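Working notes, structure below.
The values are calculated or read from the model by the stated rules, or taken from the named source; none is laboratory data. What you are looking at is a predicted structure, and each value in this text was computed from that prediction instead of being measured. Note: ideal-geometry Cβ built from the backbone for every residue, glycine included; neighbour counts use all protein chains shown.
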There are 2 protein chains.
Amino acid sequence: MGRLLPVPGVRIGTACAGIKQYERDDIVVIELVKTASVAAVFTQNKFCAAPVIVAQSHLQDASPCYVLINSGNANAGLGKAGVDAAERCCNALAGELGVTGRAVLPFSTGVIGEPLPADKIILSLPEAIKDLNGNHWSKAASAILTTDTREKAYSCEVMVAAKKAVITGVAKGSGMIRPDMATMLAYIATDISIDKGLLHEMLKEAVEYSFNRITVDGDTSTNDAVVLIASGVLEVVLENRDSPGYADFFTALVETCQFLAKEIVRDGEGATKLIRIQVEKAASTEDAKELAYTIAHSPLVKTTFFASDPNWGRILAAAGRANIERLEVDKINIHLDEICIVRGGVKAKDYTEAAGQRVLSRKEITVRLDLEQGDASAEVLSCDLSYDYVKINAEYRT
Amino acid sequence: MGRLLPVPGVRIGTACAGIKQYERDDIVVIELVKTASVAAVFTQNKFCAAPVIVAQSHLQDASPCYVLINSGNANAGLGKAGVDAAERCCNALAGELGVTGRAVLPFSTGVIGEPLPADKIILSLPEAIKDLNGNHWSKAASAILTTDTREKAYSCEVMVAAKKAVITGVAKGSGMIRPDMATMLAYIATDISIDKGLLHEMLKEAVEYSFNRITVDGDTSTNDAVVLIASGVLEVVLENRDSPGYADFFTALVETCQFLAKEIVRDGEGATKLIRIQVEKAASTEDAKELAYTIAHSPLVKTTFFASDPNWGRILAAAGRANIERLEVDKINIHLDEICIVRGGVKAKDYTEAAGQRVLSRKEITVRLDLEQGDASAEVLSCDLSYDYVKINAEYRT
């Protein structure tokens, strides 16, 4: 992923609290400069985790100045005890740093339903604080991982109003991935200054076309969150969508989110292939999304990709059961990369098993469905279903 | 499954056409007495298979007198060529028996998108006709199987208006199982006489509480069909819901459907456990069904059952993402068989991992969610997700 650029105004420290393992750090503290504004979107799962409840509450105050993340335990499904534990950790960090507990946003990821070992976390805070440094993005990318097999991070520079701004982001996520209005954990920062309301709008929109268009297993996590930080150290201000440089910056932000989202699918539990489902010429975006997700979630489609077996009938069967208003089956064309497999709703005359096989042996495959019903489209990223998915999830807690 | 009772007025013959294998029969002919009435429900998949289109058309005529089933090829995704092939098979059977082609209902199950080997099927018809016999239900149960590992059949006797009536049914299905208003293949016959309109109503209702409440992988097949035959040989007539014996007969019919549906889940691809999801005290039946299916389909929940790991947080996370109007998370209680794991939306105080483990090591497990929101309820049968599911579906066509 190349070198991760530091974001002026943002420092990161990590430590090992030994929550689930002692081999790598599992605690991250992010320190924000006073000028920073923060926006966040959270899971729509009705059983949201304790840190989500606490972070949402703290965000209602003036801008927070610290973020505290732990991996290894989701602090979910524990009711008031979970909320109390999250608040205790926030207060402990705030105490060390001379701020109020409500200036800290807590985040957790890991197993659901086991009590958060708050004492262990609190004991590790001085080490994380001592570690604070602008160059520690990669350490953060590593410390937030759970079943992920590798770090997910992205950095870019973008010219905004004739000044060189930076965007750096990290994310984690591999299983329980079917973000709904929000996603797994991701932290993205820039050094320009952005109005808080605008920051939230930009984040929501960028997430809609990145983290909200991916799936590994169709399961929405209780702990999903994406946080966007604008430190305001660079003297460039985005006040609204007409501010000079807005479009360039927003494009770079979307690219950052899309890169991180793609990395999550690529590292999906047990995934061996990245599957891009594109639905085009649909009657509505809703229809296109529903159809794309139905195919993306079908375990039969996922195993057929794992096997590199061009069993396209499963794609057709999944399309046929999608919960959409109208589907004119005799108009549909389906492509696997450059190969047309279905034309007018039936097997394409020039399609050969050999051609299908050739495409399916690739590591990245695009399934494109043209519905010939309208102008709407949607793209969803998914992955295949392998033995390792079962292995990882059957042995998750052992 | 005990001995399958013959149904007076119904004879069955099987043969091996060698469609996909030569080890067992793959063709079934069912002959119905002239007095018989027939009702059928079909898949709601928009890409319905050619035999479904043809059977629906033929059903519009006077009662059919023959049913022709093949396994090994679904005759789906082939457009007009598929319909022509199905009609050719019907006409060939009709020609051998001196009836019109529209008196034959065709059904196919197997791989999607490969041309139906109609010639092979037609060549095998004389053998199947020669084999016609009232005692061949078990041969039919075997000949219709695909990835199934065993026959699914049920027989019972029921007193209807002081006469002993018989119900016998066979079914197949193991993968692509998430029936939607209809299901996999099932053929059920009785010897009493039932008004055709009533027969259809009874079938629809019985299916709603049996085949329409099961899932293996969430995928709805292109070829699903359930057929109910009333031969009318026994001199008992059900004209409407007030006819003497209606209630007893309907109860027996529902039991038959539920037994066959359960057998399909038990034999789900790679399944090692039967999972019964009961949602109680829901605001509406729709909510209860949606919640039950969301849990039933979650690959994370399914793998946790496979691993016998009481990772109940996954059940809670699936419940939280279900697409229902209102879920009061702090009211929910969740039981695994007799063990309460979640009370008032959080981990039950008296719950122990050892108790959870004990339940999860069973072969049949009931997950019960009490929502405390209303009077509605729904039950869905599902199974776990194992290595063998991936193996069966990755190697399906090899």
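What to note about this one:
- Which numbered condition B:A36 fails, given (1) of a type in the set (G, A, S); (2) under 23 Å from the mean Cα position of the chain (by Cα); (3) under 26 Å from A:D330 (Cβ atoms): (3)
- Selection count, region B:1-44, where residues are outside any loop (DSSP other than H, G, I, E, B) and among the aliphatic types (A, V, I, L, M): 12
- Of all residues making up region B:109-137, the number that are away from chain A (no Cβ under 14 Å) and farther than 15 Å from B:L185 by Cα: 20
- All of (1) under 19 Å from A:A225 (Cα atoms); (2) in a loop (DSSP other than H, G, I, E, B) hold for A:N70 with one exception: (2).
- The C-beta contact set for region B:229-258 (first residue more than 20 Å from B:G197 (Cβ to Cβ), second residue surrounded by 23 or more Cβ atoms within 10 Å (Cβ to Cβ) and among the polar types (S, T, N, Q), distance under 6 angstrom, 6+ apart or interchain) comprises B:Q258/B:S210.
- Subset of region B:184-202 (residues that are over 17 Å from B:C156 (Cα atoms) and either touching a Lys or Arg at 6+ places or on another chain (Cβ under 8 Å) or assigned to a loop (DSSP other than H, G, I, E, B) (or both)): B:M184, B:L185, B:D195, B:L198
- In region A:273-291, the residues that are in the same structural domain as A:K302 (by TED's automatic domain parsing) and in a strand (DSSP E or B) form Cβ pairs under 7 Å with partners that are modelled with pLDDT of 95 or more and of a type in the set (K, R), at six or more places apart or across chains, as follows: A:Q278/A:R368; A:E280/A:R368.
- Of all residues in region B:280-330, those satisfying the criterion of being among the hydroxyl-bearing types (S, T, Y), over 22 Å from A:S298 (Cβ atoms) and within 25 Å of the chain's Cα centre (by Cα) are B:S284, B:T285.
- Evaluating A:F42 against the criteria (1) away from chain B (no Cβ under 14 Å); (2) aromatic (F, W, Y); (3) farther than 19 Å from A:T168 by Cβ leaves one unmet condition, (1).
- Any hit, region A:247-262, residues being among the acidic types (D, E) and within 14 Å of chain B (Cβ to nearest Cβ): no
- Enumeration of residues in region B:223-266 that are β-branched (V, I, T) and more than 17 Å from the chain's Cα centre (by Cα): B:V233, B:V236, B:V237, B:T251
- Test: residue in region A:186-201 that is buried (at least 24 other Cβ atoms within 10 Å of the Cβ) and under 30 Å from A:G79 (Cβ atoms): yes
- Some residue of region A:64-72 being within 14 Å of chain B (Cβ to nearest Cβ) and over 20 Å from the mean Cα position of the chain (by Cα): no
- Filter result for B:T190 (at pLDDT 90 or above, in the same structural domain as B:L32 (by TED's automatic domain parsing) and not hydrophobic (A, V, I, L, M, F, W, C)): yes
- Once region B:300-325 is narrowed to residues that are within 7 Å of chain A (Cβ to nearest Cβ) and hydrophobic (A, V, I, L, M, F, W, C), the residue that is surrounded by the most Cβ atoms within 10 Å (Cβ to Cβ) is B:A317.
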